[in-house]
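Participant: Encoded as structure tokens, here's the structure I'll be asking about.
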Amino acid sequence: MRTSIFKDIQDQNLLKHQLLNWAQQFREIVFLDSNNYPQLYSSYDCVLAVDAFTSIKTDFHNAFEDLKQYQSQSRDWLFGYLSYDLKNNIEDLQSNNFDGLHFPDLFFFQPKKLFLLKGNQLEICYLNMCDDEVDEDFSEISDQPSVFSPDSYRESSEIKITEKISKQNYIQKVTDMLSHIHRGDIYEANFCMEFFAENAFINPLEFYQKLNAISEAPFSVFFKNKSNYLLSASPERYLRKQGTKIISQPIKGTSKRFSDSKLDEKSKIQLSQDPKERSENIMIVDLVRNDLSHTAEKGSVQVEELYKVYSFKQVHQMISTITSEVLHTTSPIDILKTTFPMGSMTGAPKISAMQIIENLEETKRGLYSGAMGYFTPTGDFDFNVVIRSILYNSEEKYVSFSVGSAITSASIPENEYEECLLKASAMLKVLD
């Protein structure tokens, strides 16, 4: 079904720029970049998938069943996303908040052309119907400029970013959420707010490259589906399937980076020892363990890492790693459905948290706090959590990004607001 050709690459960073520049001609693009971040579970340094041969686009109704049929029939590489609002397909929930982006709830495509980069080796993997185009395409890619050239694209307009929820309103809403916690309705919930701009013209490629340079995150994405764009600098993996092993790596716990090495190390140590951050993390670890148990072989759910602090360019993050084993006959879609949406973006208990989130937030989350990734022909998969991301609908001229924090009984509303601003800083800097 596919033809693979291998090329030795001299300069990995140069090739990444060239691939992304070349890809802009296509209607569908998924570009995934690990930014050479050291991680235990990794397949490729960079992946580019372009030009849909087949695709699936749907709202939440029967979305997972439709995806299961599409994935099982194609048995090929598939790239795309699961929006947060697929929760309505899993539980009796609704999404009635304002939506300025209007992305489909689910979108995946089977690319005609696929590039897989690992170290200095590039695998070019084309459907047989177009494998005669490999040499011409690679020649075009090699002729691309070494850096992004804004001259070939229209200028971005001046962008006026507005908070959907004011600081005063945010503090009141977090206070309301704390009331739910004190009543025992929930233990923890992730509360998010949107920053947006209307009548906005942006150059998606330019803004992605700025965001990626600032963040250098391990799960960075440039995604395009016609007029819908995701520019992501996500540090978080949602779920990976590697053979019969399932890996989840939720993030809960954030602290500032400092240019002064002593202050930076102090911030890292404080995060690792902070009782509030540790309690946030352990609640989500327990939730993920429970989610994984739905498809796991008995006794196979393990916590490989607990409270480990990882450093990124913008922030320190506390990450735990939970794994399980599944039967080789278990459907990859069932594994996703029984763990979605991810615990780090919902709360505990999950269903109650999602109901309260819906009532207090003012924006439909959509792709934000959903997942972007891919399936392999053998049914393995890897998906990130869509955070630290800019979303753009070029037809609607609407730019949006959201940030959130975990609210527990120990939360101080003003401090949670400051954490949101810290997480928003990279996107604000790019859009300024």
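Participant: Only one of Leu101, Leu48 is in contact (Cβ under 8 Å) with a residue 60 or more places away in the chain, under 24 Å from Gln242 (Cβ atoms), aliphatic (A, V, I, L, M) and touching a strand residue (DSSP E or B) at 6+ places or on another chain (Cβ under 7 Å). Can you tell me which? If you could, list the steps in order and put the result at the bottom.
Facilitator: Numbers: Leu101 fails: under 24 Å from Gln242 (Cβ atoms).
Going through Leu101, Leu48 in turn, just one is in contact (Cβ under 8 Å) with a residue 60 or more places away in the chain, under 24 Å from Gln242 (Cβ atoms), aliphatic (A, V, I, L, M) and touching a strand residue (DSSP E or B) at 6+ places or on another chain (Cβ under 7 Å): Leu48.
Participant: While we're on this one: With (1) more than 17 Å from the chain's Cα centre (by Cα); (2) more than 19 Å from Phe103 (Cα to Cα) as the list, and Phe201 as the residue in question, which single condition is left unmet?
Facilitator: If we test Phe201 against (1) more than 17 Å from the chain's Cα centre (by Cα); (2) more than 19 Å from Phe103 (Cα to Cα), just (2) comes out false.
Participant: Inspect the stretch 58-72 for any residue being basic (Lys, Arg) and closer than 27 Å to Gln25 by Cα and give the result as yes or no.
Facilitator: No - not one qualifying residue is present in the stretch 58-72.
Participant: So in the stretch 320-347, with the set limited to residues that are under 26 Å from Trp77 (Cα atoms), of a type outside the set (Ser, Thr, Tyr) and not in a loop (DSSP other than H, G, I, E, B), which one is nearest to the chain's Cα centre (by Cα)?
Facilitator: Looking at the filtered set, the residue picked out is Leu336.
Participant: Next question, about the same structure. Run Glu277 past the list (1) within 24 Å of Ser83 (Cα to Cα); (2) modelled with pLDDT under 95; (3) of a type in the set (Asp, Glu) and report the number of the one that doesn't hold.
Facilitator: It is condition (1) that Glu277 fails.
Participant: Turning to a different aspect of this structure: Among the listed residues Ser267, Ser179, Ser227, which satisfies the condition of being surrounded by fewer than 21 Cβ atoms within 10 Å (Cβ to Cβ), within 28 Å of Ser55 (Cβ to Cβ), at pLDDT 95 or above and more than 17 Å from the chain's Cα centre (by Cα)?
Facilitator: Working: Ser267 fails: within 28 Å of Ser55 (Cβ to Cβ); Ser179 fails: within 28 Å of Ser55 (Cβ to Cβ).
Ser227 is the lone residue from the list that is surrounded by fewer than 21 Cβ atoms within 10 Å (Cβ to Cβ), within 28 Å of Ser55 (Cβ to Cβ), at pLDDT 95 or above and more than 17 Å from the chain's Cα centre (by Cα).
Participant: Quick check on the stretch 256-263. Is at least one of its residues surrounded by fewer than 24 Cβ atoms within 10 Å (Cβ to Cβ), hydroxyl-bearing (Ser, Thr, Tyr) and under 24 Å from Gln209 (Cβ atoms)?
Facilitator: As a first pass, look at the stretch 256-263 and keep what is surrounded by fewer than 24 Cβ atoms within 10 Å (Cβ to Cβ): 256-263.
Still in the running and hydroxyl-bearing (Ser, Thr, Tyr): 259, 261.
Narrowing further to those that are under 24 Å from Gln209 (Cβ atoms): 259.
There is at least one residue in the stretch 256-263 that is surrounded by fewer than 24 Cβ atoms within 10 Å (Cβ to Cβ), hydroxyl-bearing (Ser, Thr, Tyr) and under 24 Å from Gln209 (Cβ atoms).
Participant: Same structure again: Does the stretch 410-420 contain at least one residue that is within 24 Å of Leu292 (Cα to Cα) and either of a type in the set (A, V, I, L, M, F, W, C) or not in a helix (DSSP H, G or I) (or both)? Walk me through how you get there before you give the answer.
Facilitator: Residues of the stretch 410-420 within 24 Å of Leu292 (Cα to Cα): none.
Looking for residues that are within 24 Å of Leu292 (Cα to Cα) and either of a type in the set (A, V, I, L, M, F, W, C) or not in a helix (DSSP H, G or I) (or both), one finds none in the stretch 410-420, hence no.
Participant: Select from the stretch 387-406 the residues that are in a strand (DSSP E or B) and polar (S, T, N, Q) and list them in ascending order. Let's see the steps before the verdict.
Facilitator: Step one: of the stretch 387-406, the residues in a strand (DSSP E or B) are 389-393, 398-406.
Ser389, Asn393, Ser400, Ser402, Ser405 - these are the residues of the stretch 387-406 that are in a strand (DSSP E or B) and polar (S, T, N, Q).
Participant: Let me ask something else about it. If you go through the stretch 159-193, how many residues are touching a helix residue (DSSP H, G or I) at 6+ places or on another chain (Cβ under 9 Å), under 14 Å from Pro413 (Cβ atoms) and outside any loop (DSSP other than H, G, I, E, B)?
Facilitator: Residues of the stretch 159-193 that are touching a helix residue (DSSP H, G or I) at 6+ places or on another chain (Cβ under 9 Å), as a first pass: 159, 161, 163, 165, 167, 170-178, 180, 185-193.
Going one step further and asking which of them are under 14 Å from Pro413 (Cβ atoms), we end up with 165, 167, 170-178, 180, 189, 191, 193.
Those still in the list that are outside any loop (DSSP other than H, G, I, E, B) too: 167, 170-178, 180, 189, 191, 193.
Result for the stretch 159-193: 14.
Participant: What are the residues in the stretch 138-152 that are modelled with pLDDT of 85 or more and either more than 14 Å from Gln24 (Cα to Cα) or of a type in the set (S, T, N, Q) (or both), if any?
Facilitator: Phe138, Ser139, Ser142, Asp143, Gln144
Participant: For the list (1) in contact with a strand residue (DSSP E or B) (Cβ under 7 Å, 6 or more places away or on another chain); (2) under 20 Å from Met345 (Cβ atoms), I need the number of the one condition that Asn225 fails.
Facilitator: (2)
Participant: Assess whether Ile269 counts as being in contact (Cβ under 8 Å) with a residue 12 or more places away in the chain and out of contact with any His (no Cβ under 9 Å at 6 or more places or on another chain). Don't jump to the end; show me each part of the working.
Facilitator: Working: in contact (Cβ under 8 Å) with a residue 12 or more places away in the chain: no; out of contact with any His (no Cβ under 9 Å at 6 or more places or on another chain): yes.
Answer is no for this residue.
Participant: I'd like to verify a number: residues in the stretch 80-115 that are buried (at least 20 other Cβ atoms within 10 Å of the Cβ) and not polar (S, T, N, Q), how many?
Facilitator: Matching residues across the stretch 80-115 total 19.
Participant: Restricting attention to the stretch 33-50, does a residue exist that is farther than 30 Å from Tyr310 by Cβ and surrounded by 15 or more Cβ atoms within 10 Å (Cβ to Cβ)?
Facilitator: Looking only at the stretch 33-50, we keep the residues that are farther than 30 Å from Tyr310 by Cβ, and these are 50.
Within this subset, residues satisfying the condition of being surrounded by 15 or more Cβ atoms within 10 Å (Cβ to Cβ) are 50.
There is at least one residue in the stretch 33-50 that is farther than 30 Å from Tyr310 by Cβ and surrounded by 15 or more Cβ atoms within 10 Å (Cβ to Cβ).
Participant: Taking the stretch 196-219 on its own, how many of its residues are within 20 Å of Leu421 (Cβ to Cβ) and crowded, with 22+ Cβ neighbours inside 10 Å?
Facilitator: Qualifying residue count, the stretch 196-219: 3.
Participant: Looking only at residues in the stretch 348-386 that are farther than 19 Å from Leu106 by Cβ and assigned to a loop (DSSP other than H, G, I, E, B), which one is nearest to the chain's Cα centre (by Cα)?
Facilitator: Selected residue: Asp380.
Participant: Kindly indicate whether Ser255 is over 19 Å from the mean Cα position of the chain (by Cα) and hydroxyl-bearing (Ser, Thr, Tyr). Talk me through it step by step, then tell me what you get.
Facilitator: Details: over 19 Å from the mean Cα position of the chain (by Cα): yes; hydroxyl-bearing (Ser, Thr, Tyr): yes.
Criteria met by Ser255.
Participant: For the stretch 304-319, enumerate the residues that are assigned to a strand (DSSP E or B) and in contact with a Lys or Arg (Cβ under 7 Å, 6 or more places away or on another chain).
Facilitator: If we filter the stretch 304-319 for residues that are assigned to a strand (DSSP E or B), which is where we start, we get 304-311, 315-319.
Listed by number, the residues that qualify are Tyr307, Val309, Ser311, Val315, His316, Met318, Ile319.
Participant: Another question about this same structure. Determine, yes or no, whether Asn62 is within 19 Å of the chain's Cα centre (by Cα) and either aliphatic (A, V, I, L, M) or surrounded by fewer than 19 Cβ atoms within 10 Å (Cβ to Cβ) (or both).
Facilitator: Details: within 19 Å of the chain's Cα centre (by Cα): no; either aliphatic (A, V, I, L, M) or surrounded by fewer than 19 Cβ atoms within 10 Å (Cβ to Cβ) (or both): yes.
So Asn62 does not fit the description; no.
Participant: Moving on. Residues of the stretch 25-73 being basic (Lys, Arg) and touching a helix residue (DSSP H, G or I) at 6+ places or on another chain (Cβ under 6 Å), which ones?
Facilitator: The one that is basic (Lys, Arg) and touching a helix residue (DSSP H, G or I) at 6+ places or on another chain (Cβ under 6 Å): Lys68.
Participant: Kindly indicate whether Ser394 is closer than 21 Å to Asn212 by Cβ, of a type outside the set (Asp, Glu) and surrounded by fewer than 18 Cβ atoms within 10 Å (Cβ to Cβ). First the steps, then the outcome.
Facilitator: Values: closer than 21 Å to Asn212 by Cβ: yes; of a type outside the set (Asp, Glu): yes; surrounded by fewer than 18 Cβ atoms within 10 Å (Cβ to Cβ): yes.
In short, yes.
The values are calculated or read from the model by the stated rules, or taken from the named source; none is laboratory data. Computed from a predicted structure; not experimentally measured. All Cβ positions, glycine included, derive from the backbone under ideal geometry; neighbour counts span all protein chains shown.
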